[in-house]
Amino acid sequence: MGKTLLEKVWDLHTVRELPSGQTQLFIGLHLVHEVTSPQAFKMLKERDLSVRYPERTFATVDHIIPTLDRRRPFADAMAEEMFVHMERNAGEFGLEFFDESSGRQGIVHVIGPELGLTQPGMTIACGDSHTSTHGAFGSVAIGVGTSQIRDVLASGCLAIARPKVRRFEVTGSLSAGVYPKDVILHVIGALGVHGGVGYAYEYGGDVFDAFSMEDRMTVCNMSVEGGARVGYVNPDQTTYDYIRGRDFAPKDGEFDDAVKWWESMKSDGDADYDSVVEIDGSSIEPMVTWGINPGQVVGVGEKLPDPADLNGSDRASVEEALAFMNLKAGAAMAETPIDVAFIGSCTNGRISDLREAAKVAAGGRAAKGIKALVVPGSQKVREQAEAEGLHETFLEAGFEWREAGCSMCLAMNPDKLVGEQICASSSNRNFKGRQGSPTGRTLLMSPAMVAAAALAGAVVDVRTLDRPGV
Ligand code: SF4
């Protein structure tokens, strides 16, 4: 019986099995950002410990960094303090720090891949739940908490239980106007936000074979929203072509040797999965969340659920979500008015996302009263977008063009919803208060759908707009 990629990578990185039943897992790459690391570094200092593998540990600043005025000190004293801690800890512990003067700053899950740090067959940890993004390269990438950040910093290892593996086979092809974001929202809608608890999600099939690396990252990124801490795609030529030539990629002859090893990490054809789910790619339509978790989602042409059709806890959760969102049971999803449109985040703030959104925005104009902002996921993405003139397309359409960061995904910076504003967002979470206002409301969708909503002032099926290339 063959093995899955998860099993192969896990076995190769196992230091020992612990009495708790967990594995002491060696971590090949540790990514650090300013919000979840200060306490972990403090614990190291209290015990007079160093970072065990500084050459495998990289830091950036993303959550708190303003996307408009970056002059130091930042207007927000707490943001300034976090930045200073990150700067100081990186210096004291000898870590490479991609700050805003480096030209390589950005959201941690955007810069890891774009710098070539993320590679197949690796174990990767980061104090952020969307670390699953890096699984797009065939790595086992795990979001960790503060005490685990401390453990990885101090020992290069993590104590963690081995997950089971569920394979998603997405066959056929996606229709025009349907994007990777719709695939993962479809998966979460079908299996629920707890469906993946205890599992790693392996994605494959025709649709994933045809996907770009950025497409795969979008899907793996939101695995965690479906309960799976790890999501991955087996590496292939698309993966190797993406990595080749990047700053931290293996160089020259080493690259070909690396590819041979990466190939050997793929799941075997006769691997045994704990669960297999088949999805017909052509059945997926543009998806929009209507509630307060990413599993509360419908196709843009569908109606919102009616609690009267449900029982027990399902009924209660739909009632709670509709009340918070101030949306009507059974109403059409399309034409829900919006106030704000946000294009960015580690889910959809990459160059291909901005290109798709720009195709929709081109020649249009954000509807009256709509605040629309585009926030590149990294400085490199911003630079590339400007080289292609995408920023001009957005600016001409009345969108704001910002500096790189997490921005309104989590709103630990000046980009926040106000009051009960409702936001069409290309980010990954629609929890109550996620975007900075306790009563702010979030509708998750693809970047193209966000751009379409900005123009229409309401949720609209992007396929109904006459936009070339969509
Ligand atoms: S973009 Fe959002 S989800 Fe991604 S790392 Fe930043 S705050 Fe977290």
Does residue 65 count as within 20 Å of the chain's Cα centre (by Cα), within 15 Å of the ligand (Cβ to nearest atom), more than 30 Å from residue 234 (Cα to Cα) and among the hydrophobic types (A, V, I, L, M, F, W, C)?
-> yes
Restricting region 112-154 to residues that are within 16 Å of the ligand (Cβ to nearest atom) and out of contact with any strand residue (DSSP E or B) (no Cβ under 9 Å at 6 or more places or on another chain), which is nearest to residue 267 (Cα to Cα)?
-> 113
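Yes or no: residue 384 at pLDDT 95 or above and surrounded by fewer than 18 Cβ atoms within 10 Å (Cβ to Cβ)?
Values: at pLDDT 95 or above: yes; surrounded by fewer than 18 Cβ atoms within 10 Å (Cβ to Cβ): yes.
Judged against the criteria, residue 384 is a match.
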Where residues in region 359-377 are β-branched (Val, Ile, Thr) and away from the ligand (no atom under 16 Å from the Cβ), which of them is farthest from residue 221 (Cα to Cα)?
-> 370
Region 68-93, residues that are closer than 19 Å to residue 149 by Cα and either within 16 Å of the ligand (Cβ to nearest atom) or in contact with a strand residue (DSSP E or B) (Cβ under 9 Å, 6 or more places away or on another chain) (or both) | 82, 83, 86, 87, 89, 90, 91, 93
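Checking the structure you have, find out if any residue of region 11-31 is closer than 24 Å to residue 248 by Cβ, assigned to a helix (DSSP H, G or I) and either charged (D, E, K, R) or under 27 Å from the mean Cα position of the chain (by Cα) (or both).
The first filter runs over region 11-31 and keeps only residues closer than 24 Å to residue 248 by Cβ, leaving 12-13, 25-31.
Add one more test, that the residue is assigned to a helix (DSSP H, G or I), and what stays is 12-13.
Checking the rest, the ones that are also either charged (D, E, K, R) or under 27 Å from the mean Cα position of the chain (by Cα) (or both) come to 12-13.
Within region 11-31, one or more residues are closer than 24 Å to residue 248 by Cβ, assigned to a helix (DSSP H, G or I) and either charged (D, E, K, R) or under 27 Å from the mean Cα position of the chain (by Cα) (or both).
Each row is one residue, and each column tells you yes or no for (1) more than 24 Å from residue 459 (Cβ to Cβ); (2) crowded, with 20+ Cβ neighbours inside 10 Å; (3) free of Cβ contacts under 8 Å to residues at least 24 places away in the same chain.
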site	(1), (2), (3)
261	yes, no, no
267	yes, yes, no
270	yes, no, no
287	no, yes, no
302	no, no, no
306	no, no, no
315	yes, no, yes
Go through (1) more than 30 Å from residue 417 (Cβ to Cβ); (2) in contact (Cβ under 8 Å) with a residue 24 or more places away in the chain; (3) of a type in the set (Asp, Glu); (4) outside any loop (DSSP other than H, G, I, E, B) and name the single condition residue 241 misses.
-> (2)
Long-range neighbours under 9 Å by Cβ, at least six apart or interchain, first residue more than 10 Å from residue 158 (Cα to Cα) within region 10-30, second assigned to a helix (DSSP H, G or I) and of a type outside the set (Lys, Arg) = 28/13; 29/112; 29/134; 30/149; 30/152; 30/153
Region 94-111, subset surrounded by fewer than 19 Cβ atoms within 10 Å (Cβ to Cβ) and farther than 20 Å from residue 376 by Cα, residue farthest from the ligand (Cβ to nearest atom) = 94
Residue 402, sole failed condition from (1) within 22 Å of residue 214 (Cβ to Cβ); (2) more than 16 Å from the ligand (Cβ to nearest atom); (3) surrounded by fewer than 23 Cβ atoms within 10 Å (Cβ to Cβ) = (2)
Within region 256-276, can one find any residue that is polar (S, T, N, Q) and under 18 Å from residue 170 (Cα atoms)?
-> yes
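Any idea which residue in region 318-358 is farthest from the ligand (Cβ to nearest atom), counting only those that are over 26 Å from residue 451 (Cβ atoms) and in contact with a Pro (Cβ under 9 Å, 6 or more places away or on another chain)?
Here the residue is 330.
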Go through region 289-300 residue by residue and tally those that are part of a strand (DSSP E or B) and either free of Cβ contacts under 8 Å to residues at least 12 places away in the same chain or not polar (S, T, N, Q) (or both).
-> 3
May I ask you to list the residues in region 311-347 that are at pLDDT 95 or above and more than 23 Å from residue 419 (Cβ to Cβ)?
-> 315, 316, 317, 318, 329, 330, 332, 334, 346, 347
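The values are calculated or read from the model by the stated rules, or taken from the named source; none is laboratory data. Quick caveat, the model's predicted, so the values are computed rather than measured. Note: ideal-geometry Cβ built from the backbone for every residue, glycine included; neighbour counts use all protein chains shown.
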